[in-house]
Structures are given as structure tokens and as C-alpha cells.
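> The structure is given below, and queries will be raised subsequently.
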Amino acid sequence: MIIKDNIDIAHQMEKEIFPHYDAYNNYLDTFKKDSNNDFWIIEVDNTYVGIAGLYSFKKYPEDAWLGWFRLLKPYRNKGYGSLALKMFEEKARKRSFKYARLFTNRYDNDDVKRFYEKHGYTEEYYELESEPASLIYPISIYSKSLIEGETVPKWNNKDIHFTKQVRK
Ligand SMILES: CC(C)(COP(=O)(O)OP(=O)(O)OC[C@H]1O[C@@H](n2cnc3c(N)ncnc32)[C@H](O)[C@@H]1OP(=O)(O)O)[C@@H](O)C(=O)NCCC(=O)NCCS
């Protein structure tokens, strides 16, 4: 888990993994008393290979969101991403969430989209007039039920504060 002791390492990795974004404020937010969000460093044989997180919206307590999930380049296509995704789903199940969700770029992102589809996630577009960023940067939401045999309801364009996140 990203805690005060390793936040500097996480920040270094984060800059390498997401050179065009800044997740640091999201890590800091998890230290707040009322936060239910966690981020963790993915470690394989004592080597840091990536970062992932679980966040949720208080208004939608059944849905666990996979956040800032990324592996460093040399560690991709070795099965670690699949393991890390399963770990996220397991953490979410343990915390009694019913559905796993995430968003990712809708275009020029075929490998990542195929990765989530292969793991049972289904795509829907996120487009909302009140979310200007969703019209400028097209994203898709991917969803999967965490309960065996149950289909996941669509997210149906409920507000995920994407514009606020883009500005963060
Ligand atoms: C998306 C991502 C997390 C997936 O993680 P990953 O570790 O690369 O995923 P996996 O290795 O489990 O699976 C990817 C492919 O590698 C293959 N693979 C798995 N183990 C393998 C191995 N030992 N040798 C060769 N290939 C392997 C899988 O079969 C899969 O291929 P397929 O989709 O053609 O079937 C990672 O590639 C990544 O960080 N990408 C860029 C960042 C990004 O966009 N993240 C998502 C933001 S929402």
C-alpha cells in the first residue's frame, strides 16, 4: 500500500509511469481521515513493477474503481498485469463491492482495451454534457460483476467527476 513511508518512491514511479499526468494528489488524498481509497505499489521478487489503486464514490457504494493502473514498460506482457487486476478484484470482493469498474482512453488504446475485454470487462462510452472533459478526451468505462453468474448493470453516464480529475 502507498503510505507516508513510501510516498516518495511511489511519486518517483508515478512520474516515470505517467509522464503526462499527476496522480500524486490522489495518493495524498488517501491519507485523509474520511478516505476509503487505497493505492499500492505492485512488487514482483522485491522489484517495483507498477502501481494500482482502488477508489470509490460514497454515493455509489457497490462500485469499486480501478485507479491509476500501470506497469513500467519492461514488465508488461509477462502476465503481471493480469495478476494485479485479479488482486484488485479480490480486494474489492473482500470489501463487499459488487462491481469492478475503470475508465480508459477510448481511442488509440486497442491493446489495453483488449486486455480488459479478455478479463471479462464490457465497454460503454462516457459522455456527459456536464462533464466537459468527457467531450474533449473521449473515454470508455469498463465494467465487470464481482459476483459469479451476475451481469453488471451499465454505469449509464453517472457523474464520475472526470473533469475535476483532469484538472487535479
Ligand atoms: C494494461 C497493462 C496494465 C496490462 O498489463 P500486462 O502485464 O502487460 O498484461 P498481461 O501480461 O497480463 O497481458 C497482456 C498480454 O501479455 C500476454 N502474456 C501474459 N503472460 C505472458 C508471458 N509470460 N509471455 C508473453 N506474453 C504473455 C497475455 O496473453 C496478453 O496478451 P493478449 O492480450 O494478446 O492475450 C499494461 O500493459 C500497462 O501498464 N499498459 C500501459 C498503461 C495503461 O494504459 N494502463 C491502463 C490504464 S487504464
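The values are calculated or read from the model by the stated rules, or taken from the named source; none is laboratory data. In this text, all values refer to a predicted model and were calculated from it rather than measured experimentally. Every residue, glycine among them, receives a Cβ derived from its backbone with ideal geometry; neighbour counts consider all protein chains shown. Note: areas computed on protein heavy atoms with side chains; ligands, DNA, RNA excluded. Shrake-Rupley method; radii C 1.70, N 1.55, O 1.52, S 1.80 Å.
> Those residues that are open to solvent by less than 60 Å² (accessible area, probe 1.4 Å) and touching a residue at least 40 places away in the same chain (Cβ under 8 Å), I need them from region 154-164; list them, please. Write out each step before concluding.
First, pick out the residues of region 154-164 that are open to solvent by less than 60 Å² (accessible area, probe 1.4 Å): 155, 157, 159-160, 162-163.
Those that are open to solvent by less than 60 Å² (accessible area, probe 1.4 Å) and touching a residue at least 40 places away in the same chain (Cβ under 8 Å): W155, I160, F162.
> Within region 76-152, considering only helices (runs of 4 or more DSSP H) that don't extend past its boundaries, which have at least 3 residues that are surrounded by 13 or more Cβ atoms within 10 Å (Cβ to Cβ)?
Numbers: elements: 80-94, 110-118, 132-136.
Of the helices (runs of 4 or more DSSP H) lying wholly inside region 76-152, those with at least 3 residues that are surrounded by 13 or more Cβ atoms within 10 Å (Cβ to Cβ) span 80-94, 110-118.
> Where residues in region 123-141 are in contact with a strand residue (DSSP E or B) (Cβ under 6 Å, 6 or more places away or on another chain) and polar (S, T, N, Q), which of them is farthest from T163 (Cα to Cα)?
Going through the qualifying residues, I end up with S140.
> Give all pairs with beta carbons closer than 7 Å in which a residue from region 62-74 that is over 19 Å from K15 (Cα atoms) and aromatic (F, W, Y) meets a residue that is part of a strand (DSSP E or B) and near the ligand (Cβ under 7 Å from one of its atoms); count only pairs at least 6 apart in sequence or on separate chains.
Cβ pairs passing all conditions: W65/L102.
> Search region 65-75 for residues being within 9 Å of the chain's Cα centre (by Cα) and more than 6 Å from the ligand (Cβ to nearest atom), and hand back the single one that is surrounded by the fewest Cβ atoms within 10 Å (Cβ to Cβ).
Per the criteria, the residue is W68.
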